[in-house]
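So the structure is just underneath, and the comments pick up after that.
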Amino acid sequence: MAAVCAGLVACSSGSGTTTAPTASTLPAGLGADQLVRTTLTAATGVDAGAASGKSLNIPKGWTAQVWADVPDARMAVWTPDGRLIVSTGKAGTLAIVTPGRGGEGPRVAQLAGGLQSPQGVAMTRQAGRDVLVVGEDSRITTWTYADGALSDRRVVVDDLPTGGHGSKMVAVDGDRIVYNVGSSANRSVADRTATPVRATIAQTGIDGSGTTTLAVGVRNGEGLSVAPDGTVFTAINEDDNQPYPFHDGGRFGTTVRSYVNDHPNDQVSRITPGTDMGWPLCVPDSRGKPDMLDLGYVNDPEFNADGKALDCSRIGTTMLGLPAHSAPVGFVFTRGSRLPTTLADGALVTAHGSWNREPPREPYVAYTPWTDATRSLGPLRLVATGFQDADGSRWGRSVDAVPGPDGSLYVTDDVAGLVYRLTPPS
């Protein structure tokens, strides 16, 4: 049995755990062997739905609970009065989840409706009031939040491009709002010269003043958060079906399934004014980088074969590569949270999983530690997996993971329509 237990799931005979191994499409070395398969329970009065009888792989000693029913649950943020606001994307609503007492499940209510595919949500405080920032399909809006209700809706930025990767995510830093404008398609060099330019990260004042583009060549920077040093970071969804970019063996520019399955790497990197992440002219290159740190670029064989469109050696590097086709959506720094010390000073990356990889890349939640001395993130380590069955089918897909005021980790799932509560040992 020892040989089995050394694989994807740690052995345990504790309550709610099992030693059965789980199939994985994630690379070795991400700490999957440190996770324990743990049965999901359900809070009192909560319907576990698609998660009924399912398990998640989480750190040893943690518990996993189906905490709330929120159909189409996408991005989440805690309010100052201890409630969770959850966006629902295509459902066009914001839900508000009020924790229950004495083991009871939370109360879920609609906070706002009739919205335009709300995705990113963030809280800030301005002039003595709590402000909710929402990324809708073609606009960024703000609301005053108080006592479980919204008022004073304002459109901060309007007429943003839609279609393609149209989800608008947001992060706030004081009176600054950072948001993404995703690409129009999987691979589109025209996005770099479109009006307005697409595949960008931008920022604006909370009053709508001073709107400016921070970065270009960011295919789909859905994950957005502000680091402890005050700089902006994004987690990026990279290409599908990337043509082979290396001159070896006559495969240059062709579709090579073994390459496509694991390339190009999705990315996590710092965004500063003037950043160019290279897409789709430059391709992240992880050769010789088993730790996936500090990845350089090579020329794209279709749009930049001779390097004349953009010198890929001069655009810098990607701080952290992720397994290709992870589709990172949630990204949040954890400093100041009540998570255990092993997760309390870094960033959480929540991956939605691939749409066309063979076999599918599974959804996951992972952690990357922050180092003050170098102002950088370190190698990725898995925190939660198990949303995908051995045959590649999925009963759920993680979207966002946010630290709760109780020291638990709350994970949204837009396929199962649930919010999970992952709690470390006391």
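The values are calculated or read from the model by the stated rules, or taken from the named source; none is laboratory data. Quick caveat: nothing in here was measured; it's all calculated off a predicted structure. Note that we place each Cβ from the backbone using ideal geometry, even for glycine, and neighbour counts take in every protein chain shown. Quick note on the areas: whole protein, heavy atoms, side chains included, nothing else; ligands and nucleic acids left out. Shrake-Rupley method; radii C 1.70, N 1.55, O 1.52, S 1.80 Å.
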- Note on the structure: Neighbours of Y297 by Cβ distance under 10 Å: Lys/Arg at +1, Asp/Glu at -1, summed charge -2
- Once you've got the GNM for the chain with C-alpha springs shorter than 10 Å, pick whichever of I315, I96, I140 has the biggest mean-square fluctuation. I315
- Sorted from largest down, what three extents in whole angstroms do the Cα atoms of the chain have along their principal axes? 65, 61, 40
- Quick one: grab the alpha carbon gyration tensor of the range 288-426, order the square roots of its eigenvalues as a ≥ b ≥ c, and give me rounded if a/c is under 1.5, else prolate or oblate depending on whether a/b is larger than b/c. oblate
- Query: Taking the Cα centre of the range 148-230 as the origin, how large is its charge dipole in debye, to the nearest 20, when only Lys and Arg (+1) and Asp and Glu (-1) carry charge on their Cβ atoms?
  - Reply: 360
- Which one of S337, G296, S426 has its Cα pushed farthest toward the positive end of the charge dipole of the chain, where Lys and Arg give +1 and Asp and Glu give -1 at the Cβ? S426
- Item | Lys/Arg +1, Asp/Glu -1 at C-beta; the range 270-426 dipole; positive extreme among P369, G307, V411 | P369
- Query: Taking the alpha-carbon set of the range 135-223, what are its Rg and Dmax in Å?
  - Reply: 13.6, 47
- N261-R107 FRET efficiency (beta carbon distance; Förster radius 35 Å; 0.05 resolution): 0.20
- Magnitude of the Cβ-charge dipole (Lys and Arg +1, Asp and Glu -1) of the range 274-396 about the Cα centre, nearest 20 debye, reported as 380
- Note on the structure: Inter-part gap, Cα centre of the range 199-233 to Cα centre of the range 340-403, in whole angstrom, is 22
- Message: Given points 7 Å out from each Cα along the Cα-Cβ axis, report the D159 to R176 separation in nanometres with one decimal.
- Response: 2.6
- List the chymotrypsin sites (Phe, Trp or Tyr not before Pro) within the range 322-426 that fall in a DSSP loop (any state other than H, G, I, E or B) and whose Cβ has at most 10 other Cβ atoms within 10 Å. W355
- Message: Leaving out ligands, DNA and RNA, and with a 1.4 Å probe, what % of the accessible surface on the range 122-250 is carbon or sulfur?
- Response: 45
- Task: For a label point 7 Å from the Cα of D81 along Cα→C-beta, name the residues of the range 120-150 whose backbone N is under 12 Å from it.
- Result: 130, 145-150
- Item | Accessible surface, the range 196-237, averaged per residue in Å² (probe 1.4 Å) | 26
- Query: Which order, highest average first, do 250-260, 59-69 follow once you tally other Cβ atoms within 10 Å for each residue and take the mean per peptide?
  - Reply: 59-69, 250-260
- Task: Decide, for the range 20-74, between rounded, prolate and oblate: order the square roots of the alpha carbon gyration tensor eigenvalues as a ≥ b ≥ c, take rounded if a/c falls under 1.5, and otherwise choose prolate if a/b is larger than b/c, else oblate.
- Result: prolate
- Neighbourhood net charge (10 Å Cβ-Cβ; Lys/Arg +1, Asp/Glu -1) for S376: -1
- Stick to the Cα atoms of the range 31-118, pair each with every other, and give me the Kirkwood hydrodynamic radius in Å at one decimal. 14.4
- Query: Straight-line reach from K308: which lysines have Cα under 24 Å away, leaving out those fewer than 8 places along the same chain?
  - Reply: none
- Message: Take F246 and D130, extend 7 Å from each Cα along the Cα→Cβ direction, and tell me the distance between the two endpoints in nm.
- Response: 5.2
- Task: Name the most mobile residue of V268, V46, V218, meaning the one with the largest mean-square fluctuation, in a Gaussian network model of the chain with Cα contacts below 10 Å.
- Result: V46
- Within the chain, helix-based [θ] at 222 nm, where runs of 4 or more DSSP H residues each add -39,500 (n - 2.57), nearest 500: -500 deg cm²/dmol
- Evaluate the distance, in nm, between pseudo-label points positioned 7 Å from the Cα of D306 and of D291 along their respective Cα→Cβ axes. 3.9
- Message: Nothing charged except the Cβ atoms of Lys and Arg (+1) and of Asp and Glu (-1): what's the magnitude of the dipole of the chain about its Cα centre? Round to the nearest 20 debye.
- Response: 420
- Task: Select from G396, G102, G346 the residue whose mean-square fluctuation is largest in a Gaussian network model of the chain (Cα-Cα springs shorter than 10 Å).
- Result: G102
